[in-house]
Amino acid sequence: MALQIIRAERVEKYYAQPSENRIQVIAPTDLSIESGEIVALLGPSGSGKSTLLRMLTGLSEPSGGEVYWHDKAISTADVNVSIVFQSFALFPWLTVLENVEAALKARGMDAAERRRRSLKILDTVGLDGFQAAYPKELSGGMRQRVGFARALVVEPEVLFMDEPFSALDVLTAENLRSELLELWQKKTIPTRSIFIVTHNIEEAVLLADRIIVLGRNPGHVRTDFKVKLEHPRDRKASGFTQLVDYIYKVLTQPDAQPPALPATPAGRRAHYQMLPHARPGGIAGLLELLLDHQGKDDIYRLADDLAFEIDDLLPIVDAARLLGFLTVTEGDAAITATGAEYANSEILRQKELFRIAAVENVLLLRQIVRAIEAKSDRSVPEEFFHDMLDEQFSEEETVRQLETAISWGRYAELFDFDAGRRRFIQPAKLSVEDEEEKTESPEEIDA
Amino acid sequence: MEIPGDLNPARGRETLARAQVLKRSWPFFLDLCVAGIGLACFYGVVRIATYWFGHAQPEITISLSPRALPLYAFYSVVRIGLAYALSLVFAVGYGYLAAYSRRLEALMIAGLDILQSIPVLSFLPGVMLAMVALFPTRQIGVEMGAILLIFTGQVWNMAFSFYSSIKSIPRELNEAATIYRFSRLQRLVQLELPYAAIGLVWNSMVSVAGGWFFLMACEMFVLGPRDFRLPGLGSYLQTAAGTGDGVAIAWGLAVMVAIIVATDQLIWRPVIGWSDKFKFEQVESGARVRSPILRMLRQSTALRELSGKTLAPLNERVYHWLAERRSRRIEALAAEAGGEELKARRRQWEFTLLRGWALVLVAVAVIYSAGHAVMLLRTVTGEQFLLILKGAGATFLRVNLSLLLAAAWTIPAGVAIGFNPRLARIAQPVAQIAASVPATALFPVLLLALVRVGGGLGIGSIALMLLGTQWYILFNVIAGAMAIPTDLREVATLFRFTRWQRWKTLILPGIFPYLITGMVTASGGAWNASIVAEYFRLKNQTLQTLGLGAQISAATDAGQFQILLLATIVMALMVVTINRLVWRPLYRLGETRYKLEG
């Protein structure tokens, strides 16, 4: 059996709230990283991928449970890991060489040895001759090479990567990925395990020996399996595409929450749906595309057609499903009758259909409309809904939920939002009553 | 997400080549210059030391001969320099502590807010008396008083800048520093200071300009029967104005302007050029500040040798020691996790106890002095209190009138400059120099002229406030106008907006956040200036007008500490209240509604 380098036992993360509810980000989870494997962690945004990575590296302390480094508690162990960051996290005021040397300097290595090792690793990652450049003089791909050099120069036992290729263009990413794989397979680097967080399914299948898929609300492991495909892996091979399809299915399946994971103690049930952060325009666009594809298509292929990352497309699909414009089965999206009518209508009719669907399907929007109608001055403070959502979502998510609700409500002309007074108000009718209000929201121009 | 553009190979190579090849012309000459500067510094230090540690000179007579000016100017510059150095160290320490101490953070930031609003000049008598008492026979006491005072005037914005820089360091950079085991020192040197550098540089420029303002005022002042005078540019100008000596005034002003231009060229430009590399940007921006001085320093072999022989090995040793200490700590932690924990807990407990005692001591001291202050306040009569309130009202009106006047001319001028790059190229450097001439240096001259044409201090004080504060508004308006995107202006032209429409829908909302920022600073500055502006001695007569600032100055003159204290409190309260009730909501409005996101 392979050696366990890092082991997490029942780790979880939550944020205490002033009220007795707490926001659970990650449910108690067991996880281990063994020597000799590349582990990929996949999951939709908001599933706590990065949080989990930070707990495994010892950067962030779990709220419960314990992380072990070679069977010692990670807080007392001499951990030897590196992280390659999504934003590269290079110090812009240091040259390429100084950036790489900084990590060795922190370990008290003498100047000559430091320089020798840094130059060697820069050579390995293909940055020979760039040592005197500043990061801002380099392209994104070159910068991430510096990030890799810095991570590898300390000879980490485990190399962590937090979406290392997602800020790069497709070709650069592909290039860097294969080079990394080559370093790993030829054992050019003494690293014993690689742990990569990604939202790109193909990337995971290309690289990983083991894939862990997270679900959200709160983050939990949906599935954890080994990938037995031979390297080098061929994207067109049937084994590859089947695996990609399988993971898409896992990701797009309606979240049937396992009952074992109560989101909140005290048995308070979450009753607001989580509004996917999609714009009405995006929903219309997706439906029109779907109509062009005979009303039914694989989500994976749709993302491909739109040149979208699946992570960017999923909220739009979720939103359309929530409104009853499409249904999702086994990774395929199929348009419904209302969806088709919506896609075929002109703008005013579209707004009307959206209005009907929104009031029918979205609790938050329904509540806002009713609350406005119930008030004599036809206006309700944002705070009121903020407080209700706050019990269920984190502060950040609450704000995003309200932003989405405002965007949908304005589009559907269900209500308007006075950003100055932070109040929901009745939408201004065509008879111009209040010049001030009209200039505020661009949606009014359509009306 | 925006994908960064590909590397342009030609450009990349060109910049690299520039970094690697050292173009060195005149190496010997440059080294000679550096050596010369070093010698000059040495002589300066000797000169200052003999003067400071000489006996106190009770009645310094300020010579109006232009030949005395270089020495006076030198003394003033040293005062500013020392106060600035002190401010920088303190600001970094204060900001660091506030950013990393979870318990003290809120208190320290609230403290900053209030300390920034307190009129510095009313500290003058207290600080002076304390310092003179500390060094009764040495000149250094009065000098320290002046330096401390300038320090309190310039430190807060720098501290706040450093604090907010630390707080806004991107999370991943912080995490990289942690995961690569940076020690606190390395983190400070390679992450926090570089990240904060640009903010610190700009705030330093503002602070030093403010320092001149106060120095001019506090080089010469009267407290009760005692007349404190420091040989310097400020006292020279005041004496010159007092005797009405036009030639001396001209000489003094010329030297003042020369110093300001020299500071700009010899210090700020090289520093700004140097700080350019700390810009936290992904792509290189076009315009850069060039400075021959900076080039000279960078290419000096002598300097490089010196740092290579001394600083670099020391640096290596420190890092080595820090790394060893870290690994020892981790070993100890791993070896006896349990025992160590117990010991650590006991140490923690002892530490808490110690801190508790320190806290109690501080609390007792605070309560004791606060109690005495309150006792002092009880001796203020109702009549005096009423006068202070009246004065507060008058100064309030004056401050706002000066703000209004400043806004009235700076908004159109600033927008014109901001919209017209050609005009900006001419106007901006001129305005910058004009802005750095301390208003307090000009004030005696201005007042002399006003008195001659029959005006009084009523107009004079407003003029001084205007002189001191209009620049903040002007520069902010220029920046705001420049930030309005060209396409918005084109839309206005395309739809044939009338002039009024253009101002109402485009320009005013566009510059609003900048305007507010400028007004906040200007308002604080105007309150502070009122202390100098409303009470002035000219040719053996005292000009005075009703106002809070006048009462503070008069109380200082007469040694009436209870009135001084009360007036100071009233002024601080007014400034803080106006900030909270007026400026902060406006500022927030600007940040949310009128922010142009590009």
Checklist entry - Once Rh is set to the Kirkwood radius over Cα pairs, what Stokes-Einstein translational diffusion coefficient, in µm²/s, holds for region B:444-598 at a temperature of 37 °C and a viscosity of 0.692 mPa s? => result 181 µm²/s
Item to check | Anisotropy class of region B:543-598 from Cα gyration tensor, a/c 1.5 cut | outcome: prolate
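I need the shape label for chain A. Rule: rounded when a/c is under 1.5, else prolate if a/b > b/c, else oblate, with a, b, c from the alpha carbon gyration tensor.
Values: a/c = 1.89, a/b = 1.79, b/c = 1.05.
Verdict is prolate for chain A.
Could you give the size of the charge dipole of the protein assembly as shown about its Cα centre, using +1 on the Cβ of each K and R and -1 on the Cβ of each D and E, expressed in debye and rounded to the nearest 20? Please report the intermediate quantities before stating the final value.
Working: 106 positive and 105 negative charges, 856 e Å.
Charge dipole, the protein assembly as shown, about its Cα centre: 4120 debye, nearest 20.
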Checklist entry - Which peptide among A:73-84, B:297-308 comes first, and what is the full order, when sorted by highest mean count of other Cβ atoms within 10 Å? => result A:73-84, B:297-308
Checklist entry - Which one of A:Glu34, A:Glu382, A:Glu346 has the biggest mean-square fluctuation once chain A is modelled by GNM with Cα springs under 10 Å? => result A:Glu346
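Note down the Stokes-Einstein diffusion coefficient of region B:75-207 in µm²/s, whole number, using a Kirkwood radius over alpha carbon pairs, 20 °C, and 1.002 mPa s. Please list the in-between numbers first.
Values: Rh = 16.2 Å.
It comes out at roughly 132 µm²/s.
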Item to check | C-alpha center-to-center spacing [region B:136-193, region B:379-419] in angstrom | outcome: 33 Å
Item to check | Formal net charge of residues neighbouring A:Gly126 (Cβ-Cβ distance under 9 Å; K, R +1; D, E -1) | outcome: -2
Checklist entry - Based on the Kirkwood radius over alpha-carbon pairs, what value in µm²/s does the Stokes-Einstein equation return for the translational diffusion coefficient of the protein assembly as shown at 4 °C and 1.567 mPa s? => result 38 µm²/s
Checklist entry - What residue among A:Phe130, A:Phe384, A:Phe424 has the largest mean-square fluctuation in a Gaussian network model of chain A, using Cα springs under 10 Å? => result A:Phe384
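Within the P(r) computed for region A:7-134, what percentage of the Cα pairs occupies the region above 25 Å? Intermediate values should be presented prior to the final figure.
Values: 3620 of 8128 pairs.
The proportion of pairs with Cα distances above 25 Å equals 45 percent.
Per residue, what accessible area does region A:85-222 have, given a 1.4 Å probe and all protein chains present, in Å²?
Values: 4320 Å² over 138 residues.
Result: 31 Å² per residue.
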Checklist entry - Dipole size in debye (nearest 20) for region A:136-227 around its Cα centre, Lys and Arg Cβ +1, Asp and Glu Cβ -1? => result 180 debye
Checklist outcome for this item: Using alpha carbon positions and the Kirkwood radius, the Rg to Rh ratio of region A:271-335 is 0.94
Item to check | Inter-part distance where region A:343-357 and region B:492-559 are each reduced to a Cα centre, Å | outcome: 55 Å
Item to check | 17 Å Cα-Cα reach of A:Lys49 towards lysines, excluding residues that sit fewer than 8 places from it in its own chain | outcome: A:Lys13
Item to check | Rg/Rh ratio calculated on Cα atoms of region B:117-175 (Kirkwood radius) | outcome: 1.28
Checklist entry - Just by accessible area at a 1.4 angstrom probe, what is the order of A:Arg349, B:Arg67 from largest to smallest? => result B:Arg67, A:Arg349
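At 1.4 Å probe size, with every protein chain present, just tell me what the per residue accessible area of region B:129-174 comes to in Å². Provide the component values of the computation, followed by the final result.
On the way: 1630 Å² over 46 residues.
Here the per-residue accessible area is 35 Å².
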Item to check | Theoretical ellipticity at 222 nm over chain A - DSSP helices of four or more residues, -39500 (n - 2.57) apiece, nearest 500 | outcome: -13000 deg cm²/dmol
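Please compute the Kirkwood hydrodynamic radius over region B:188-285, one decimal place, Å, based on all pairs of different Cα atoms. Don't skip to the end; give the middle numbers.
Numbers: mean 1/r = 0.0613 Å⁻¹.
Evaluated on region B:188-285, it is 16.3 Å.
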Checklist entry - List for region B:143-190: residues with 50 Å² or greater reduction in accessible area, all protein chains versus chain alone, probe 1.4 Å? => result B:Glu172, B:Leu173, B:Glu175, B:Ile179, B:Tyr180, B:Arg181, B:Gln190
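Can you classify region A:139-242 as rounded, prolate or oblate using the Cα gyration tensor, where a ≥ b ≥ c are the square roots of its eigenvalues, rounded means a/c under 1.5, and otherwise it's prolate if a/b beats b/c and oblate if not?
On the way: a/c = 1.42, a/b = 1.30, b/c = 1.09.
Rounded shape, in that the Cα axes give a/c under 1.5.
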Item to check | Straight-distance crosslink candidates among lysines, where the alpha carbon sits under 16 Å from A:Lys136 and sequence neighbours closer than 8 are dropped | outcome: B:Lys277, B:Lys279
Item to check | Size descriptor, Kirkwood hydrodynamic radius, that averages inverse alpha-carbon separations across region A:318-365, Å | outcome: 11.0 Å
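Give me the Å³ per residue figure for the convex hull around the C-alpha atoms of region B:483-570. Intermediate values should be presented prior to the final figure.
Numbers: hull volume 12.7 nm³, N = 88.
Residue-normalised Cα hull volume stands at 144 Å³.
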Item to check | Residue among A:Gln392, A:Gln24, A:Gln367 with the largest mean-square fluctuation in a Gaussian network model of chain A, springs linking Cα atoms under 10 Å | outcome: A:Gln367
Item to check | Label point 7 Å beyond Cα of A:Asp71 along Cβ direction - residues of region A:36-62 with amide nitrogen under 19 Å | outcome: A:36
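Per-residue Cβ counts within 10 Å, from other chains only, averaged over A:77-90: what number is that?
Working: counts 3, 7, 3, 1, 1, 3, 6, 1, 7, 2, 6, 5, 10, 3.
Average neighbour count from other chains, rounded to a whole number: 4.
Enter the mean number of other protein chain beta carbons within 10 Å of the beta carbon of each residue in A:98-111, as an integer.
Numbers: counts 1, 2, 0, 0, 8, 6, 3, 12, 13, 9, 14, 4, 3, 5.
Whole-number average of other-chain Cβ neighbours for A:98-111 is 6.
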Next on the checklist: Using only protein heavy atoms and a 1.4 Å probe, how much accessible area in total is buried between A and B, to the nearest 100 Å²?
Outcome noted: 4300 Å²
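Sorted by packing (mean other beta-carbon atoms within 10 Å per residue), highest first, where do A:228-234, A:177-183, B:124-130 land?
Values: A:228-234: 11.6, A:177-183: 16.3, B:124-130: 20.0.
Highest mean packing first, the order is B:124-130, A:177-183, A:228-234.
Sort A:279-287, A:62-70, B:491-499, B:422-430 by packing, meaning the average of other beta carbons within 10 Å per residue, with the highest value first. Don't jump to the answer; show the numbers that get you there.
Details: A:279-287: 19.9, A:62-70: 17.6, B:491-499: 11.0, B:422-430: 12.6.
Those peptides, ordered most packed to least, come out A:279-287, A:62-70, B:422-430, B:491-499.
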Checklist entry - Other chains near A:91-97: what is the mean number of their Cβ atoms within 10 Å of each residue's Cβ? => result 5
Checklist entry - Excluding same-chain residues fewer than 8 positions from A:Lys120, which lysines have a Cα within less than 20 Å of its Cα? => result A:Lys105, A:Lys186, A:Lys187
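The values are calculated or read from the model by the stated rules, or taken from the named source; none is laboratory data. Predicted model only: the values in this text are computed from it and were never measured. With ideal geometry, Cβ positions are generated from the backbone for all residues, glycine too; neighbour counts draw on all protein chains shown. The area values use the complete protein model at the heavy-atom level, side chains included, leaving out ligands, DNA and RNA. Shrake-Rupley method; radii C 1.70, N 1.55, O 1.52, S 1.80 Å.
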